[in-house]
Each structure stands twice: as structure tokens, then as C-alpha cells.
Amino acid sequence: MTDQTSPILTARGLAKSFTTGQIVTKVLKGVDLDLYAGEFTLLMGPSGSGKSTLLAGISGLQKPDAGTVIANGYNL
Ligand SMILES: Nc1ncnc2c1ncn2[C@@H]1O[C@H](COP(=O)(O)OP(=O)(O)OP(=O)(O)O)[C@@H](O)[C@H]1O
Ligand SMILES: [Mg+2]
């Protein structure tokens, strides 16, 4: 359930790594995030820092290795 003071989206401890051959790239290392309805949120960082990986994780497009995402009251 959500109300006007609770976040519309909450992420806790999001972790995601990619393995290419023997190289493991830890992209998300325990991301905590609260987004509130009506707020304007910017996601900034250099190329390769994990912006798209974070968006994929919090939108449910890509399953994180660890962590939880609650979006609009639903546990993704
Ligand atoms: N499917 C994948 N397989 C292997 N490595 C990946 C994959 N997706 C992302 N990565 C790696 O994860 C890291 C973060 O990539 P990501 O695309 O999230 O960065 P970004 O901040 O969105 O970059 P950009 O500003 O260029 O869009 C990079 O090192 C990238 O090479
Ligand atoms: Mg990107």
C-alpha cells in the first residue's frame, strides 16, 4: 500500500554483476533508493557507471542478483 508520504518506489540492497569470460564486473553494489511521486529525479554518472543497469533493475526488466524493489506497493 502507498500513501502520499511513502515512496512510490523503494529499492534496497540492489546488486548486479556481469560476467564476461573470467572477468566479473560488479556494477550495482547494494543500491538503496527511494523515489517519491511528483518528484523530478535525475540519474547521473559517467558512461559505464551503471545507470541503465539500475533502471533495468528498478523497472523489473532485469532481475538483480540481490536486493528488493517495491514499486507502487508491489514487490517486483
Ligand atoms: N548485458 C551485459 N553484459 C555484460 N556487461 C554488461 C551488460 N550490461 C552492462 N554491462 C556492463 O555493466 C557496466 C554498466 O553498464 P551500464 O550500461 O549500466 O552503464 P551506463 O551508466 O548506462 O552507461 P552509458 O552512459 O554508456 O549508457 C559496464 O561496464 C557495462 O559494460
Ligand atoms: Mg546507459
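The values are calculated or read from the model by the stated rules, or taken from the named source; none is laboratory data. Please read all numbers here as calculations on a predicted model, not as lab measurements. Cβ: placed from backbone, ideal geometry, glycine included. Neighbour counts: every protein chain shown. Each accessible area value is taken on the protein alone, full model and side chains, heavy atoms only, with ligands, DNA and RNA left out. Shrake-Rupley method; radii C 1.70, N 1.55, O 1.52, S 1.80 Å.
Go through S6, S47, S59 and list them by solvent-accessible area, largest first, probe radius 1.4 Å.
Working: S6 35, S47 120, S59 65 Å².
The ranking, largest first, comes out as S47, S59, S6.
Where the only charges are on Cβ atoms (+1 Lys, Arg; -1 Asp, Glu), what is the dipole of the range 9-75 about its Cα centre, to the nearest 20 debye?
Working: 6 positive and 4 negative charges, 49 e Å.
With Lys and Arg at +1 and Asp and Glu at -1, about 240 debye.
Could you report the chain's accessible area per residue, 1.4 Å probe, as an integer in Å²?
74
Name the chymotrypsin sites (Phe, Trp or Tyr not before Pro) in the chain that are in a loop by DSSP and that have at most 15 other C-beta atoms within 10 Å, would you? Present the calculation step by step, with values, prior to reporting the outcome.
Numbers: sites: F18, Y36, F40, Y74; in loops: Y36, F40.
Loop-located and lightly packed - Y36, F40.
Along the Cα→Cβ direction, 7 angstrom out, place labels at L35 and Q22. What is the inter-label distance in nm?
Each label point is offset 7 Å from its Cα along the Cβ direction, giving 3.9 nm.
For the chain, with all protein chains present and a 1.4 Å probe, just round the carbon and sulfur fraction of the accessible area to a whole percent. Please report the intermediate quantities before stating the final value.
Details: 3150 of 5610 Å².
That fraction is 56 percent.
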